[in-house]
Amino acid sequence: MKSQMIVAHGAPLEEVSEANPSPQGTEVLLRINHCGVCHSDVHLHDGYFKLGGEKKLDTTGLHTLPFTLGHEIEGEVSAMGGQAKNVSVGQQCAVFPWIGCGECTVCKNGKEHMCNQPRALGVNVDGGYSDHVLVPHPRYLLSYEGIPPELAATYMCSGLTAFSALKKIRDMGEDEAIAFVGLGGVGMMGMQFARALFPNARLIGADVNKRKLEAASQAGASLVYNTSEEDAAKRLLKETKGGVAVAIDFVGSDASLGFANRIVRKGGKVIIVGLFGGRFSMPIPMFPLRAISLVGSYVGSLSETKEMLELVRTGHVNAIPLEVRPIDTANQTLDDLRAGDVLGRVVLDCTS
């Protein structure tokens, strides 16, 4: 078993060889074909999230080193423990990675991704920058029949995160607008799911990258705005006659959340997905006076993942731009994400 592993936070990943894990009980060993590279992997690799100013949230305690990143996993069953049921060797599947303890009230209510004792693949336990991964139970193995395997991998985080954020939209009127602030892989996924979930909504793209704005226009955005332009928010408010019903911040920086807050109409909602880092403040009276909601959205549940895959199978969700690279380019891919040079999503070919 060969893996691209963190040996020191902030240092380049290194290839490490070790014996394949031996699945016990309900565990399943998966031979990995593809693993997506997520922007959150950059933060986990660095060992922190930015909290604004000089403050940082230390993430080095989430796992022990050496550690294998990667939570957007697709592959085939290689072996299973004696208590693993309804699974067979050679079965092709994508993996729901947001695994909890399985015992607490949150987990038993179907919200494992919110568990306070998580076992998330690629975050808390070894993940998919490898040729094998150990999955604790067959219930996390999902059929992606009818979906290209490399794309199916990306739906396990990028797709799920966008889908779950959109599911938080309530009481939006006909022909109102949704703004997608940040048009990386997750933002572009969000636009495609919105076309299926809210066919009458106007979709608006916002980013600082011209190439991403062009891609959003081609993907169905009726308006796009370069948020680095001083009058971008003012023009959007004018052209939408008062602002958008919902603004989803897929970046999570001071600038992106500030822009999202400025463009949402009275009574609207800002949904925060991105984890880039920073700080935000607003006078408290403005919350009731504007009647706006600020909502955080973190990946999604197992049931939402199944619902999302069913929607994709209907053919109403277009694929985003996607590039497949050899697994030994993991370091370069993380650097490209840091620099904002990835259009859509990069997926590692773990068989190469």
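The values are calculated or read from the model by the stated rules, or taken from the named source; none is laboratory data. For clarity, every value in this text was computed on a predicted model and none was experimentally measured. Every residue, glycine as well, gets a Cβ built from its backbone with ideal geometry; the counts of neighbours run over all protein chains shown.
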May I ask you to verify whether THR305 is under 30 Å from ASN109 (Cβ atoms) and either more than 16 Å from the chain's Cα centre (by Cα) or not in a loop (DSSP other than H, G, I, E, B) (or both)?
yes
Among the residues of the stretch 1-44, how many are assigned to a loop (DSSP other than H, G, I, E, B), in contact (Cβ under 8 Å) with a residue 60 or more places away in the chain and within 17 Å of GLN332 (Cα to Cα)?
3
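Residue-by-condition table, conditions (1) in contact with a Cys (Cβ under 8 Å, 6 or more places away or on another chain); (2) at pLDDT 95 or above; (3) of a type in the set (Lys, Arg):
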| site | (1), (2), (3) |
| --- | --- |
| GLY268 | no, yes, no |
| VAL273 | no, yes, no |
| ARG279 | no, no, yes |
| LEU289 | no, yes, no |
| ILE320 | no, no, no |
Here the residues within the stretch 45-75 that are of a type in the set (Val, Ile, Thr), in contact with a helix residue (DSSP H, G or I) (Cβ under 9 Å, 6 or more places away or on another chain) and in a loop (DSSP other than H, G, I, E, B) are THR59
Output the residues belonging to the stretch 49-88 that are crowded, with 18+ Cβ neighbours inside 10 Å, farther than 17 Å from ALA11 by Cβ and hydrophobic (A, V, I, L, M, F, W, C).
PHE49, ILE73, VAL77, MET80, ALA84
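Let's see how each residue does on (1) crowded, with 21+ Cβ neighbours inside 10 Å; (2) among the hydrophobic types (A, V, I, L, M, F, W, C); (3) not assigned by TED's automatic domain parsing to the domain that holds VAL342:
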| position | (1), (2), (3) |
| --- | --- |
| GLY10 | no, no, no |
| GLU15 | no, no, no |
| ASN20 | no, no, no |
| THR26 | no, no, no |
| LEU29 | yes, yes, no |
| HIS39 | yes, no, no |
| GLY47 | no, no, no |
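A quick yes/no check of all residues on (1) of a type in the set (Ser, Thr, Tyr); (2) surrounded by 17 or more Cβ atoms within 10 Å (Cβ to Cβ); (3) touching a Lys or Arg at 6+ places or on another chain (Cβ under 7 Å):
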{"site": "GLY90", "(1), (2), (3)": "no, no, no"}
{"site": "TRP98", "(1), (2), (3)": "no, yes, no"}
{"site": "THR105", "(1), (2), (3)": "yes, no, no"}
{"site": "HIS113", "(1), (2), (3)": "no, yes, no"}
{"site": "GLY127", "(1), (2), (3)": "no, yes, no"}
{"site": "ASP131", "(1), (2), (3)": "no, yes, yes"}
{"site": "GLU174", "(1), (2), (3)": "no, no, no"}
{"site": "GLY190", "(1), (2), (3)": "no, yes, no"}
Checking the structure you have, find out if any residue of the stretch 258-273 is under 18 Å from the mean Cα position of the chain (by Cα) and of a type in the set (Gly, Ala, Ser).
no
Does the stretch 104-127 contain any residue that is in a strand (DSSP E or B) and hydrophobic (A, V, I, L, M, F, W, C)?
yes
Pick from VAL42, VAL106, VAL95, VAL7: which is aliphatic (A, V, I, L, M) and either at pLDDT below 95 or within 20 Å of THR351 (Cα to Cα) (or both)?
VAL95
